[in-house]
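Reading through the structure tokens given below for one structure.
The values are calculated or read from the model by the stated rules, or taken from the named source; none is laboratory data. What you see is a predicted model; the values in this text were computed from it and never measured. Heads up, the Cβs are rebuilt from the backbone with ideal geometry, glycines too, and the neighbour counts pull from every protein chain shown. Protein only, heavy atoms only, side chains kept; ligands, DNA and RNA dropped before computing areas. Shrake-Rupley method; radii C 1.70, N 1.55, O 1.52, S 1.80 Å.
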Amino acid sequence: MDEIEVKALEYLPLTESTFAILVALAEPRHGYGIMQAVAQADGGGIRLGPGTLYGALTKLLEGGLIARAGDSNAGDERRKLYVLTPLGRRVVRLESERLDRMARLGRLVITQWEEDDDADPARV
Amino acid sequence: MTQTRRVFKLFFVWQDEREAAWLTRMAADGWHLRSLTIGCYTFEGGEPAAVAYRLDYRRLIGAEREEYLGLFRDAGWERVATLANWHYFRKAAPEGPLPDIFSDTASRVDKYRRVLGILVAILALNVVILATQRLPDAVTTAREIIRMLQAGAVVLLGVAVLRTMAHISRLKREARRD
């Protein structure tokens, strides 16, 4: 296990919001861009409050999971951009693998229940 | 000329949700918060409206302020006032449930942890001052009164710490039930 993996493991498990924010930052986005991205169905379908987002960004910047990526000057307002760091990428990878393992575990018993139901339809 | 109204009311630090609910009721009666100082709220008369009020506690340094307020602005929240690191936000909510500035329990709990941090720091400072003070040989009435006020502040801060901690556990309990 390398140093970066040890550090990345400290952040697991992530809250659903934090995970979605990290995934959205696979490309540079500003705060509002993150809110829009995670609200979409393929971004997690999460309505992110600005208080929750600001808190998460502060923590992720401190931990080095994301970094600043300059300003965006679209429109009349200047907004700060953020993007995943290599550590942040590792965290996303490890968390995805962990969730995969958990989901497989769950599916295993669900399949078992379905087979039982097929054998004995009276049981629920 | 718009009508203004001043209301004197005190809320403790663990009661910010109750305070926000009260501001929402005032707005429903046509009184919209304009400014505030400790215990004194100034409202502006207007049309009754469904408005969500939410409070956040956060110390902001330098450029953080613009970044923070910009995020709320983008999400449609207006900052009405800031008092002792408490930021008052509002958003029109014409239909459905009132929106919140926090969308998960973890971040809601974090807010009260920030409040708790500052309360514990002030409490510790007061206890140290009270404990290390050397009483003069001749105890005067003025000294006695100051010491009593200090002791009162320590008690009040102690209660605030306990109530804030209780509020954090309640939030966590409610989250588990959901």
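Taking beta carbons within 10 Å but only from partner chains, what does the mean come to for residues B:64-73?
Counting other chains' Cβ atoms within 10 Å and averaging over B:64-73 gives 5.
In debye to the nearest 20, how big a dipole does chain A give about its Cα centre with +1 on each Lys and Arg Cβ and -1 on each Asp and Glu Cβ?
Magnitude of the dipole: close to 720 debye.
Positive end of the charge dipole of the stretch A:82-124 (Lys, Arg +1 and Asp, Glu -1 on Cβ, about the Cα centre): tell me which of A:LEU87, A:VAL109, A:ALA119 has its Cα farthest that way.
A:LEU87
Using only Cα atoms, find the angle between the long axis of helix B:105-132 and the longest principal axis of chain B, and express it within 0 to 90 degrees, rounded to the nearest 10.
Relative to chain B, helix B:105-132 is tipped by roughly 20 degrees.
Using the heavy atoms of the protein chains alone and a 1.4 angstrom probe, what is the accessible area of chain B per residue in square angstrom?
Averaged over the residues of chain B, the accessible area is 60 Å².
Which residue, chosen from B:PRO99, B:ILE129, B:GLY117, occupies the Cα position most advanced towards the positive end of the dipole of the stretch B:89-132, where the dipole is computed from +1 (Lys, Arg) and -1 (Asp, Glu) charges on Cβ about the Cα centre?
Checked the options; the winner is B:ILE129.
Can you tell me the FRET efficiency between B:LEU125 and A:LEU105 if r is taken as the Cβ-Cβ distance and R0 is 41 Å, rounded to the nearest 0.05?
Working from the Cβ atoms, E equals 0.25.
So how much accessible surface do A and B hide from each other in total, probe 1.4 Å, in square angstrom to the nearest 100? Intermediate results must be reported in sequence, preceding the final value.
Values: alone 8510 and 11430 Å², together 18400 Å².
Heavy-atom accessible area buried at this interface is about 1500 Å².
For a quick check of understanding: with a 1.4 angstrom probe and all protein chains in place, what accessible area in square angstrom does A:MET35 have, to the nearest ten?
20
For the stretch A:1-39 and the stretch B:1-57, what is the separation of their Cα centres, given in Å?
Using only Cα atoms, the two centres lie 36 Å from each other.
Mind checking which of B:GLN15, B:GLN150, B:GLN133 has the largest fluctuation in a GNM of chain B, springs on alpha carbons under 10 Å?
Looking only at B:GLN15, B:GLN150, B:GLN133, the biggest GNM fluctuation is shown by B:GLN133.
Between A:GLU10 and B:LEU156, what is the spin-label point distance in nm, taking each point 7 Å from the Cα along the Cα→C-beta axis?
Rounded to a tenth, the inter-label distance reads 3.9 nm.
For B:ARG163 paired with B:ARG5, estimate the spin-label separation in nm (one decimal), with each label point 7 Å from Cα along the Cα-to-Cβ line.
For the pair B:ARG163/B:ARG5, the computed spacing is 2.5 nm.
Quick one: which bits of the stretch A:43-78 get at least 50 Å² less accessible when the partner protein chains are in, versus the chain alone, with a 1.4 Å probe?
A:PRO50, A:GLY51, A:THR52, A:TYR54
Quantify, in whole percent, the carbon and sulfur part of the accessible surface of the protein assembly as shown (1.4 Å probe; protein heavy atoms only).
Using a 1.4 Å probe with all protein chains present, the protein assembly as shown comes out at 56 percent carbon and sulfur.
I'd like the Kirkwood hydrodynamic radius of chain A, using the inverse of the mean 1/r over distinct C-alpha pairs, in Å. Please list the in-between numbers first.
Numbers: mean 1/r = 0.0608 Å⁻¹.
Its Kirkwood hydrodynamic radius stands at 16.4 Å.
Give the value in nm², to one decimal: projected area of the alpha carbon convex hull of the stretch B:34-178, averaged over all directions.
12.7
Which one of B:LEU36, A:LEU57, A:ALA8 has its Cα pushed farthest toward the positive end of the charge dipole of the protein assembly as shown, where Lys and Arg give +1 and Asp and Glu give -1 at the Cβ?
Positive-end residue among those listed: B:LEU36.
Within 10 Å of each Cβ of B:92-104, how many other protein chain Cβ atoms are there on average?
3
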